[in-house]
Amino acid sequence: MNSQSWATSLYKWMVKSEQKKEGEKESTARNFLRLISAQFLTNTGDAIVNPKVTLPWLLQSVGAPTFLVGWLVPIRESGSLIPQLFIASLMRRLAIRKWVWVAGSAIQALSLLLMAGVANYLEGYSAGVAIIALLALFSCARGLNSVATKDVLGKTIPKSERGQVTGLSASAAGLVTIGLAVMMALSYVYDWQTSSYFIWGLIAGAFLWLLSAIIFARVEEPASETEKEEFSIASSLSQLSLLKTDKEFRHFVFTRACFLGTALSAPYYVLLAENRIGDSIWVLAMFMGISGLAGLLSGPFWGRFSDLSSRKVLIAASSLGALTGLILFAIAQWMPDLLASIWLLPLFYFALTVFHQGIRVGRKTYLVDMADGNKRTSYVAVGNTAIGLMLLLFSLIGLLSEIMSLEALILIYAIITLAGVLMAMRLPDVSKY
């Protein structure tokens, strides 16, 4: 059996679809497997370069000031979202867009290698500032991947299979996260928390991004329609008018913004566990393992469900995610002693992660299915830029932790998610073909 027929057989076994065409199976199969492989490798790298776990440890190991830790998550997330408006404007002038993704992966690999060099040769404040600056470069490169991947996915994979690419990649990422949790547990047992431990992790991450770039470069992408006028900042910013003129797109963006409630509430589940169960590294390792298990088990389900109706996935997953927060708040108010049990908070965190995974897979599939060609590119860029700004705004809710309990913050985010549920019910179904 040759490699092409092997790829097709594996593709047919993995994918459930009502839209497969015999003449397109071979090229679609190759693209499907390459996209999943590339995303799996970058998800593995993301697990290594985690702004909530590994990067804080790295800063601590080089003696960087503690206040720099607070910059990690905002720079990692918003740094990749906000510039996408300009990235998309440039990309629409390219007929083949996979090279944007390849460039993004290469820059991320370079950022990690430089970060490893900083950790090896610098210490203290200078090391911390350099790592933060390289994280900003890394995050901007992630923006290249984010815009390009949805564009290439929409051009190379049929509508009824796109959710499964995202879902299977998320499942693989879950497996990697479990492995990272095991490594964290071992680091606690064997006291591996040294700078050399993280340096080799950064080098390994760089290798994974380079390998993913090589794989993605082999995707068979058809040419896109291109724009002829020269790039300008003014024309890039003019794309924001979509939020004013395109009612359905605007509704989706605000709905997605409300779904940030599940993502932003997750750290407070972990903080609550550290307060009630203990602050040992094994507790954090347990939660990371739970997160990985949730992604591993739920990713394929949400992917196939999204190919049937990404709108229904958004409604179901966000409803259950909000309900998780509401129930946890009720328990904290009327049965607070239960929070100290070894099983309750991990169970709720598992449920929240499963439902958040559904939201992520559903909204990515919905956005890709909303439009074609350059319009899809504009949707991705404008939507992500808007969400990056809203993420910074919603993050300010965390400042309320000085005057209210963690459970109350979880309640606020659950209510925000509920608002997203009501808005999602008014979204049109775009999964039909």
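Bear in mind these aren't lab numbers, they're just calculated from the coordinates by the rules spelled out. Here the structure is a predicted model, which means the values were calculated and not measured. So basically every Cβ, Gly included, is an ideal-geometry build from the backbone, and we count neighbours across all protein chains shown.
Observations, loosely collected:
- Leu308 versus Val182: modelled label distance in nm, points set 7 Å from Cα along the beta carbon direction: 3.3
- In the chain, the calculated helix contribution to ellipticity at 222 nm averages -26500 deg cm²/dmol per residue, counting -39,500 (n - 2.57) for every DSSP H run with n ≥ 4.
- Shape class for the range 229-344: prolate, because the ratio a/c of the largest to smallest gyration tensor axis (alpha-carbon atoms, square roots of eigenvalues) is 1.5 or more and a/b beats b/c.
- At R0 = 51 Å, FRET efficiency that the Cβ-Cβ distance of Leu243 and Glu274 yields, to 0.05: 0.85
- In the range 291-389, the chymotrypsin sites (Phe, Trp or Tyr not before Pro) that fall in loop regions by DSSP, at most 15 other Cβ within 10 Å: Trp343
- At q = 0.22, 0.23, 0.25 Å⁻¹, base-10 log of I(q)/I(0) for the range 117-189 (Debye sum, equal scatterers on each alpha carbon): -1.00, -1.01, -1.03
- Shape of the range 283-331, Cα gyration tensor, a/c cut at 1.5: oblate
- Relative to the Cα centre, the charge distribution of the range 246-315, modelled as +1 at Lys and Arg Cβ and -1 at Asp and Glu Cβ, gives a dipole magnitude of about 300 debye.
- Debye intensity ratio in log₁₀ form over the Cα atoms of the range 286-433, taken at each q of 0.11, 0.16, 0.17 Å⁻¹: -0.49, -0.99, -1.09
- Measuring how big the range 238-278 is from its alpha-carbon positions, Rg and Dmax come out at 17.0, 51 Å.
- Peptides 116-123, 132-139, 102-109 ordered by average Cβ neighbours within 10 Å, highest first: 102-109, 132-139, 116-123
- Note: the range 50-184, Cα convex hull, 112 Å³ per residue.
- The range 298-360 - Rg (one decimal) and Dmax (whole number), Cα, Å: 13.7, 42
- Rounded if a/c under 1.5, otherwise prolate or oblate - the range 346-416, Cα gyration tensor axes: oblate
- Dipole magnitude for the chain: about 1220 debye, using +1 per Lys or Arg Cβ and -1 per Asp or Glu Cβ, origin at the Cα centre.
- Two-site FRET efficiency, Leu400 against Ala340, from Cβ-Cβ distance with R₀ of 35 Å, rounded to 0.05: 0.90
- Considering the range 75-128 at the alpha-carbon level, its Rg and Dmax are found to be 15.0, 46 Å.
- Helical segments meeting 30 Å axial Cα length and Kyte-Doolittle 1.0 threshold in the chain (DSSP H): 98-121, 162-190, 195-216, 281-334
- When +1 charges are put on Lys and Arg Cβ atoms and -1 charges on Asp and Glu Cβ atoms, the dipole computed for the range 342-433 relative to its Cα centre reaches about 360 debye.
- Projecting the Cα positions of Leu427, Leu392, Leu409 onto the charge dipole of the range 362-433 (unit charges on Cβ atoms of Lys, Arg, Asp and Glu, taken about the Cα centre) puts Leu427 furthest along the positive direction.
- Distance from the range 227-275 to the range 287-358 (C-alpha centre basis), Å: 22
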